[in-house]
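Read-outs: derived from the displayed coordinates by stated rules, not from any lab. Quick caveat, the model's predicted, so the values are computed rather than measured. Note that we place each Cβ from the backbone using ideal geometry, even for glycine, and neighbour counts take in every protein chain shown.
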Amino acid sequence: MLPESVAREIIASHQQRPRNRGELVGAPFITLENPTCGDRVTVWVQLEGDTIADLRSDGKGCAISQSSASLMTVALKGRTRAEAVALAATFREMVMGEAAPGRADPQLGDLMALSGVSRLHARRKCALLPWRALEGLLGAQSANAQNVNAQNANAQNANVQNAGLPGPDS
Ligand code: ZN
């Protein structure tokens, strides 16, 4: 496990300077929202054969959701689909507090900065948001992917409904 101060530094760095940020033109994407926290994350994945040739994210929300998206893009660029699905499962275990005590998967690298989220139940959804979008894009866990699409549709409906309301800029 990473010392608390190092973890905080990694999260702050990725929140303030998100890596692989912005639209990946022409690539498939999924946008997910976490209304309980106000997070919104879009993930684009460009596969070449079985390899993630490029992936990017964009969005807004809390430090945990945005840093998780940035860390995810760094961790998965150049990986195979199977490696990405496996790492997503390992990350989920860590965030849900289901990993064996003291077990630190070296594959997680800087993602271990988010291990403290397992103690903050309300923030688990924040950390997992970009990963759920990724899993949907990779077609992993087809049952979940269907849920993702349903939630995605709901999120879009929510946006449409919100569009008529005066925003902070108006
Ligand atoms: Zn959040």
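For segment 4-139, give the magnitude of the charge dipole about the Cα centre (Cβ charges: +1 Lys/Arg, -1 Asp/Glu; no others), in debye to the nearest 20.
340
Convert 25 °C to kelvin, take the viscosity as 0.890 mPa s, use the Kirkwood radius over C-alpha pairs of segment 4-139 as Rh, and evaluate the Stokes-Einstein diffusion coefficient in µm²/s, rounded to a whole number.
In µm²/s, the coefficient is 168.
Considering only DSSP beta bridges with both partners in segment 4-139, what is the antiparallel share in %, to the nearest 5?
95
Figure the gain on full extension for Glu48 and Thr31 (residue separation times 0.36 nm, minus the Cα-Cα span) and round it to one decimal in nm.
4.0 nm
Glu4 versus Thr90, label points 7 Å from Cα toward the beta carbon: distance in nm?
2.7
Using DSSP to call loops (not H, G, I, E or B), can you name the GluC sites (Glu not before Pro) in segment 1-80 whose Cβ has at most 12 other Cβ atoms within 10 angstrom?
Sites meeting the loop and neighbour criteria: Glu23.
Take every Cα pair under 8 Å in segment 4-139 that's 6+ residues apart, average their separations, divide by the length, and report that relative contact order as a whole percent.
With pairs under 8 Å counted, the relative contact order is 29 percent.
Counting Lys +1, Arg +1, Asp -1, Glu -1, what net charge surrounds Ala7 among other residues with beta carbon under 13 Å of its beta carbon?
-1
For a footprinting-style exposure proxy, rank Asp58, Asp39, Asp50 by other Cβ within 10 Å, fewest first.
Asp50, Asp58, Asp39
Considering the Cα trace of segment 3-63, what is its radius of gyration and what is Dmax, both in angstroms?
13.8, 40
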